[in-house]
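Notes follow the structure.
The values are calculated or read from the model by the stated rules, or taken from the named source; none is laboratory data. Because the structure is predicted, anything quoted here is derived from the model rather than measured. As a convention, Cβ positions derive from the backbone with ideal geometry for all residues, glycine included, and neighbour counts pool all protein chains shown. These area figures cover heavy atoms from the full protein model, side chains too; ligands, DNA and RNA do not enter into them. Shrake-Rupley method; radii C 1.70, N 1.55, O 1.52, S 1.80 Å.
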Amino acid sequence: MIVTTPAIILSTLRYGETSKIVRLATPEHGVLSVMAKGASRPRSRFGASLQVLSVGQAHVLLSRRRDLHTLTGFELAALPVKLTEDVARFSAATAMAELVIAVSGAEPNPVVFSTLVEEVASIEGSAPGDVPPAALRAIWRLIAVLGFAPTLDACVIDGRSLPAGTAVAFGASEGGVVCDGCAKGRDVTRLPAEARADLHRLMHHAAPLPALDPLHAAAHRRLLARYVRIHVAEGARLPALEFWETQGRERR
Ligand SMILES: [Zn+2]
């Protein structure tokens, strides 16, 4: 069966002399692995369209017997040109693609697909000074639609309410904020009131993006990456996330 589907490219891998194995996110078929025969040939029918984060319409011959399908065509809607020129934008967007590969399967998930496409575009389109908070917001939103949103308003263990405007402990393994009583003996990150408010703003789309200086942006990246490693990806290796987490460190 051949299906035509909107798709965004999550990863590409050279296969043999002339082909590529491409991972696609789609709304109705989840994450698909497809073989693009001849894609590495100089005059391939795919041209230069099969790049990570390219968006388009994929024509896929679905295999009934195996998990590797065949890509018969890809009509490009958008090449990620502006993304690939900027390491901060590109590393955040590839970290999102990597997360979708790690967590999503072949089940339909239109919301994950549309969130990924929208948030990659918002990272691409954000003003240069806004890239660090825009990237944090984009990745937190993806985490939420993947089903792993952290709890921020009440202790994730006993439900005790934790009034806004106060410092709080954040437990990556626990999945959100924890009260002082529950924090005892647990490996938690202390969030001063301001960092907690910034985290809140990052996770609420209607709120203005917080202004984060480089040190605070780096602290938020560490918190997010730790949360993902422990709570979301459960030990999967995430080199793109790691790169995004540490980028900028050597520039200071
Ligand atoms: Zn508690």
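I need the shape label for the stretch 30-104. Rule: rounded when a/c is under 1.5, else prolate if a/b > b/c, else oblate, with a, b, c from the alpha carbon gyration tensor. List each step's numbers first, then the result.
Numbers: a/c = 2.40, a/b = 1.28, b/c = 1.88.
Oblate shape, in that a/c is at least 1.5 and b/c is the bigger or equal ratio.
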Original post:
Put Lys184, Lys37 in order of accessible area, largest first, 1.4 Å probe: what do you get?
Top reply: Lys184, Lys37
Subject >> Residue with peak Gaussian network fluctuation, the chain [Cα springs, cutoff 10 Å], from Val103, Val120, Val55 >> reply: Val103
**OP:** Assuming a ≥ b ≥ c are the square roots of the Cα gyration tensor eigenvalues, decide whether the stretch 175-251 counts as rounded (a/c under 1.5), prolate (otherwise, with a/b larger than b/c) or oblate.
**Re:** oblate
**OP:** Find the Cα radius of gyration of the stretch 37-78, compare it with 2.2 N^0.38 Å by division, and give the number to two decimals.
**Re:** 1.22
Original post:
Tell me which lysines have Cα within less than 24 Å of Lys184's Cα, excluding those fewer than 8 residues away on the same chain?
Top reply: none
Subject >> Length-normalised contact order of the chain in % [C-alpha pairs under 8 Å, at least 6 apart] >> reply: 16 percent
Subject >> Anchor Lys20: lysines whose Cα lies under 29 Å away (excluding residues fewer than 8 positions away in-chain) >> reply: Lys37, Lys82
Original post:
In nm, to one decimal, how far is the Leu61 label point from the Arg237 one, both placed 7 Å along Cα→Cβ?
Top reply: 3.3 nm
Original post:
Dividing the alpha-carbon radius of gyration of the stretch 105-252 by 2.2 N^0.38 Å (N being the number of residues), what value is obtained?
Top reply: 1.05
Subject >> Rg [Å, one decimal], Dmax [Å, integer] - the chain, C-alpha atoms >> reply: 19.7, 65
Original post:
For the chain, list the cysteines whose Cβ sits under 4.7 Å from no other cysteine Cβ?
Top reply: Cys182
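Go ahead and estimate [θ] at 222 nm for the chain from helices alone: -39,500 (n - 2.57) per DSSP H run with n ≥ 4, summed, over the residue count, rounded to 500. Don't skip to the answer; put the middle values down first.
Values: 8 runs with 89 residues, N = 252.
Mean residue ellipticity at 222 nm (helix-derived): -10500 deg cm²/dmol.
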**OP:** For helix 214-227, report the angle its Cα long axis makes with the longest principal axis of the Cα atoms of the chain; keep it between 0 and 90° and round to the nearest 10°.
**Re:** 70 degrees
Original post:
Can you give the accessible area of Asp213 in Å² (nearest 10), computed on protein heavy atoms with a 1.4 Å probe?
Top reply: 70 Å²
Subject >> Positive-end residue of Val55, Ile21, Leu32, charge dipole of the stretch 1-89 with Cβ unit charges >> reply: Ile21
Original post:
Based on the Cα gyration tensor of the stretch 1-130, what are the three equivalent ellipsoid semi-axes, each the root of five times an eigenvalue, rounded to whole Å and given largest first?
Top reply: 24, 18, 12
Original post:
So what are the radius of gyration and Dmax for the Cα set of the stretch 93-187, in Å?
Top reply: 15.9, 43
Original post:
To the nearest Å, what is the center-to-center distance of the stretch 35-112 and the stretch 184-252, using C-alpha atoms only?
Top reply: 27 Å
